[in-house]
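The values are calculated or read from the model by the stated rules, or taken from the named source; none is laboratory data. Here the structure is a predicted model, which means the values were calculated and not measured. When we count neighbours, we look across all protein chains shown, and the Cβ atoms used for this are built from the backbone with ideal geometry, even at glycine.
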């Protein structure tokens, strides 16, 4: 008799969990901050891929002109393997700042150069553009250590 009561109780609890979890039909509208964060994170991924592929037109679309100029001068590598890990997003006024841990390997004429660091990507505007990188710049090729 005790086993039947426990089974019945478990069945009722499972049914209640499903009913309470699936009852809402209202969709949650994302906040403005959530949309800005999503856009900034997507832009970071696009910029990284464009940099690795040396895709100047894509970089121009997502970077402020001054930043594009400084980064495009640094794309003389044969191969680049760059990993960016966003950690913190802050929104202050019109700026969206994303703190990113990064590490990369740049290969030029069979010479590999490694570096890593922490950068703050600063975005502004609509559509959003990367206007500044503070801290350790992930798109600058490290100096040779001869």
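What the table below lists for this structure:
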item	result
Residue match in the range 63-72 (condition: touching a residue at least 40 places away in the same chain (Cβ under 8 Å) and in contact with a helix residue (DSSP H, G or I) (Cβ under 6 Å, 6 or more places away or on another chain))	no
Subset of the range 45-59 that is surrounded by fewer than 19 Cβ atoms within 10 Å (Cβ to Cβ) and within 18 Å of the chain's Cα centre (by Cα) - its residue that is farthest from residue 98 (Cα to Cα)	53
Any hit, the range 59-74, residues being over 24 Å from residue 39 (Cβ atoms) and not in a strand (DSSP E or B)	yes
Answer from 33, 26 - the residue that is touching a strand residue (DSSP E or B) at 6+ places or on another chain (Cβ under 9 Å), modelled with pLDDT under 95, surrounded by fewer than 15 Cβ atoms within 10 Å (Cβ to Cβ) and farther than 30 Å from residue 108 by Cα	33
